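Here is the structure we will look at.
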Amino acid sequence: MIEFYLDTVDLEQISRFNHCLPLKGITTNPTILAKAGIGINRLLPEITSLLGGHTRVHIQVVSDSVEGMVLEAQKLHALSYDIVVKVPATEIGLAAIRQIKRDAIPVLATAIYSAEQGFLAAACGADYLAPYVNRMDVLGIDGVAVVSDLQDLVECNQFDSVLLPASFKNSQQVLRVLKLGVGAITLPVNVVEGLVSPGIVHPAVEQFNQDWQTVFGSQKSYES
Ligand code: G3P
């Protein structure tokens, strides 16, 4: 079963979509947290009370050295929540991932812009790989093709890493990625909204209800 995440810390939206989607948890990044003005010591209890104790939260390190990233990972892992530590798949980040995995701490390699970069992160032991689909697309790189190549590389090398593609701007990108059979995905609120409530569906449903009420009034199906 694919793991669904929301790429947001907007509690109202998380609560809204938790009713209609089997959410595994949320993903965050420093920009998302900074824009919302919320630190993880406030976020984690609020998310847990909203989604339950099984909720997985992906939190990115903000250090720029191997030692700093490893220490952050250890401190985050020591918290009593299901936290996956996000580490940028840079040269320093890859070194940090190797060290962090010696402590068996769950890691997501983030900011992946090529299949080979994702391959290296998988080889270093990352549990999740986050290719940035839309950010690649705007750079003229076919983001979905990179996800596909990375999925092939993970499978043919028998890595345990799960692809968790991120950075989506439209439902076509999402559909094409889902067709690849990725193990996880994270979506921003506006894209989930388009998937759950596409505008073209409402007129059809309204027409059904109008036709029904014309003949049966306020009767429900089982009363007719
Ligand atoms: O969490 C990282 C990723 O989701 C970035 O997305 O929309 O800023 O390209 P975006």
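The values are calculated or read from the model by the stated rules, or taken from the named source; none is laboratory data. No experiment lies behind these values; they were computed from the predicted model shown. Cβ: placed from backbone, ideal geometry, glycine included. Neighbour counts: every protein chain shown. All accessible areas refer to the heavy atoms of the entire protein, side chains included, with ligands and DNA or RNA removed. Shrake-Rupley method; radii C 1.70, N 1.55, O 1.52, S 1.80 Å.
Here is how the numbers come out for the structure above:
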| read-out | value |
| --- | --- |
| Tabulated pairs, the stretch 68-86, first part of a helix (DSSP H, G or I), second small (G, A, S), C-beta under 8 angstrom, 6+ apart or interchain | M69/S63; M69/G93; M69/A96; V70/A96; L71/S63; E72/S63; A73/A96 |
| Verdict on V70 being more than 16 Å from S167 (Cα to Cα) and within 13 Å of the ligand (Cβ to nearest atom) | no |
| Options A126, A109, A121, A104: the member that is out of contact with any Gly (no Cβ under 6 Å at 6 or more places or on another chain), assigned to a strand (DSSP E or B) and aliphatic (A, V, I, L, M) | A109 |
| Residue among G68, G93 that alone is closer than 24 Å to F119 by Cα and either in contact with a Ser or Thr (Cβ under 9 Å, 6 or more places away or on another chain) or crowded, with 23+ Cβ neighbours inside 10 Å (or both) | G93 |
| Residue satisfying all of: in the stretch 76-90; farther than 21 Å from A166 by Cα and small (G, A, S); least open to solvent (accessible area, probe 1.4 Å) among these | A78 |
| Residues (among the acidic types (D, E) and either more than 21 Å from H77 (Cα to Cα) or surrounded by fewer than 17 Cβ atoms within 10 Å (Cβ to Cβ) (or both)) located in the stretch 99-142 | D103, E116, D137, D142 |
| Qualifying residue in the stretch 156-175 (condition: hydroxyl-bearing (S, T, Y) and open to solvent by 50 Å² or more (accessible area, probe 1.4 Å)) | yes |
| One residue from T28, T55 being among the hydroxyl-bearing types (S, T, Y), open to solvent by less than 40 Å² (accessible area, probe 1.4 Å) and within 19 Å of V191 (Cα to Cα) | T28 |
| One residue from A145, A96 being free of Cβ contacts under 8 Å to residues at least 40 places away in the same chain, over 21 Å from the mean Cα position of the chain (by Cα) and part of a helix (DSSP H, G or I) | A96 |
| Residues located in the stretch 164-184, provided they are out of contact with any Gly (no Cβ under 6 Å at 6 or more places or on another chain), away from the ligand (no atom under 12 Å from the Cβ) and in a helix (DSSP H, G or I) | Q172, V174, L175, R176, V177, L178 |
| Complete set of residues in the stretch 18-51 that are within 16 Å of the ligand (Cβ to nearest atom) and part of a helix (DSSP H, G or I) | P30, T31, I32, L33, A34, K35, A36, I40, L43, I47 |
